[in-house]
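Below is one structure, written out as structure tokens, with a few remarks after it.
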Amino acid sequence: MQIALQQFAKYGYHRTKISDIVREAGVSQGTFYWYFKSKEAIALEIIKKGQEQLLKVVLQGYRQSAGSVQDAVKASEKLFEDLFTFAEQNKYLMKLILKGIETEDSVQEAILETRINIEEAFQKNIKRAIELNMLPAKDPALQSAFLMSLVEGIMARWLFEPLVKDSTIKKKTAKELAAETVRFEFFGLLGI
């Protein structure tokens, strides 16, 4: 699966052949077909596993007990540091999710579903913080949409070529990006 992911991210879905994947993996096509019925099936499995891993990272921010706004800031910073670290360690997966890939409709839908589920996980975290009176009651759906757009944009620029010449974003660590994201999240989006 890792080799298929790399091939899809580097060369695209349609230009990657099963023969490319098995040659790189050092296995026969029969072995491939023992585990996957098609190229589409392996792509869907890659997205499914990636979604599970990403949601695990984001949902760790779900609060179990009340705390101060400062506690929420620290928890968000940890969540974003973990998320940026995951993204850095899984660049091929993030390339598929953030930049997309020309592929079968089912795979496109799985990528979109992943993005929607991550945004909904952010929304769940925000709603919980509001329930615990850690954040002011605002519009969690809008806040999570802004947050998702912010995170997607930062990750895409950080991992895959900055759009602005002389950008310093590529030089930032996951921890530094997390701190900047949280600063913007709490003082920009939430108006605290």
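The figures follow:
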{"quantity": "Residues that are under 11 Å from the mean Cα position of the chain (by Cα) and closer than 20 Å to LYS127 by Cβ, drawn from segment 44-87", "calculated": "LEU54, LEU55, LYS56, VAL57, VAL58, PHE80, LEU83"}
{"quantity": "Number of positions in segment 109-133 that are polar (S, T, N, Q), farther than 17 Å from LEU150 by Cβ and modelled with pLDDT under 95", "calculated": "1"}
{"quantity": "Matching residues in segment 133-154 - criterion: being more than 22 Å from the chain's Cα centre (by Cα) and among the small types (Gly, Ala, Ser)", "calculated": "ALA137"}
{"quantity": "Residue check, LYS95 more than 15 Å from the chain's Cα centre (by Cα), crowded, with 19+ Cβ neighbours inside 10 Å, among the basic types (Lys, Arg) and within 23 Å of LEU5 (Cβ to Cβ)", "calculated": "no"}
{"quantity": "Among residues of segment 34-52, those that are in contact (Cβ under 8 Å) with a residue 40 or more places away in the chain and of a type outside the set (A, V, I, L, M, F, W, C), counted", "calculated": "6"}
{"quantity": "Counted residues, segment 97-114 - those being within 17 Å of ARG157 (Cβ to Cβ) and not small (Gly, Ala, Ser)", "calculated": "3"}
{"quantity": "Any pair with Cβ under 6 angstrom, 6 or more apart, that starts in segment 12-33 at a residue that is more than 24 Å from LYS99 (Cα to Cα) and ends at one that is of a type outside the set (A, V, I, L, M, F, W, C) and part of a helix (DSSP H, G or I)", "calculated": "VAL22/GLN29"}
{"quantity": "Segment 102-118: number of residues that are among the polar types (S, T, N, Q), closer than 17 Å to LEU5 by Cα and part of a helix (DSSP H, G or I)", "calculated": "3"}
{"quantity": "One residue from GLU102, GLU161 being on the phi > 0 side of the Ramachandran plot and out of contact with any strand residue (DSSP E or B) (no Cβ under 6 Å at 6 or more places or on another chain)", "calculated": "GLU161"}
{"quantity": "Matching residues in segment 50-66 - criterion: being assigned to a helix (DSSP H, G or I) and out of contact with any Asp or Glu (no Cβ under 6 Å at 6 or more places or on another chain)", "calculated": "GLY50, GLN51, GLU52, GLN53, LEU54, LEU55, LYS56, VAL58, LEU59"}
{"quantity": "Any hit, segment 143-160, residues being out of contact with any Asp or Glu (no Cβ under 7 Å at 6 or more places or on another chain), without any contact (Cβ under 8 Å) to a residue 24 or more places away in the chain and of a type in the set (Ser, Thr, Tyr)", "calculated": "yes"}
{"quantity": "Wholly within segment 1-49, helices (runs of 4 or more DSSP H) carrying at least 1 residues that are surrounded by 12 or more Cβ atoms within 10 Å (Cβ to Cβ) and touching a Phe, Trp or Tyr at 6+ places or on another chain (Cβ under 7 Å)", "calculated": "2-11, 18-25"}
{"quantity": "Where ALA156 falls short, out of the listed (1) more than 18 Å from ALA9 (Cα to Cα); (2) part of a helix (DSSP H, G or I); (3) among the small types (Gly, Ala, Ser)", "calculated": "(1)"}
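Condition check ((1) surrounded by 13 or more Cβ atoms within 10 Å (Cβ to Cβ); (2) closer than 19 Å to LEU147 by Cα) across all residues:
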| position | (1), (2) |
| --- | --- |
| GLU52 | no, no |
| VAL57 | yes, yes |
| TYR62 | yes, yes |
| GLY67 | yes, no |
| GLN70 | no, yes |
| ALA75 | yes, yes |
| PHE80 | yes, yes |
| PHE84 | yes, yes |
| GLN89 | no, no |
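The values are calculated or read from the model by the stated rules, or taken from the named source; none is laboratory data. Remember, predicted model here, so these are calculated numbers, not experimental data. Positions of Cβ are generated from backbone atoms using ideal geometry, with glycine treated the same way; all protein chains shown enter the neighbour counts.
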